[in-house]
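The values are calculated or read from the model by the stated rules, or taken from the named source; none is laboratory data. Note that this is a predicted model, so its numbers are computed, not measured. Because the Cβ atoms are built from the backbone with ideal geometry, glycine has one as well, and the counts that use them run over all protein chains shown.
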Amino acid sequence: MRGSGVARGGGILGSLLIGLPIVAAMVAVSIPVVASQRRADEAEACQLNLVRIQNAKVRYAVDHDLAAGSTVTLEELIKACPKQLPTMPECPGGGKYAINTIGTTATCSLEGQGHRIIKRLPVAGLASDNE
Ligand SMILES: [Zn+2]
């Protein structure tokens, strides 16, 4: 019995010695993947916010007969267009939104990290110019 106990203890120790580096390697590999997925999710949520801001800008411009180049604030958009923009949008990545003028696209300060409106070709599914 004693010998088998030592052998079992040695087996557990051996398993730990082999298993721990494998687990550590799996964690090391998965952390960047999780972080990358989180950044992609943030960029996608930010794109949705930018589209909502853009839709509100178009609605506001039509309702107020504004020409391209006219200015509008985010507060004015929220007040005038609760359907398109019910709340103050916040970039999930911590970026800041620039409403920009009527006729131009709203932008996020994290634009370089994919936080931008991706323009699609008229025929959906063929391609997109996200570069
Ligand atoms: Zn953003």
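Side notes on the structure shown:
- Qualifying residue in region 57-73 (condition: in a helix (DSSP H, G or I) and touching a Pro at 6+ places or on another chain (Cβ under 7 Å)): no
- If you go through region 107-122 and keep only what is at pLDDT below 95 and closer than 11 Å to Ile53 by Cα, you end up with just Ile117.
- Annotation note: Cβ proximity below 8 Å between a residue of region 90-104 that is touching a residue at least 40 places away in the same chain (Cβ under 8 Å) and in a loop (DSSP other than H, G, I, E, B) and a residue that is among the aromatic types (Phe, Trp, Tyr) and more than 8 Å from the ligand (Cβ to nearest atom) (sequence gap 6+ or interchain) occurs for Ile102/Tyr60.
- Subset of region 44-67 [within 16 Å of the ligand (Cβ to nearest atom) and surrounded by fewer than 18 Cβ atoms within 10 Å (Cβ to Cβ)]: Glu44, Ala45, Gln47, Leu48, Val51
- Of all residues making up region 71-101, the number that are farther than 20 Å from Glu42 by Cβ and either among the charged types (D, E, K, R) or surrounded by fewer than 18 Cβ atoms within 10 Å (Cβ to Cβ) (or both): 12
- Set Ala43, Ala35: member being within 20 Å of the chain's Cα centre (by Cα), of a type in the set (Gly, Ala, Ser), under 22 Å from Ala98 (Cβ atoms) and part of a helix (DSSP H, G or I): Ala43
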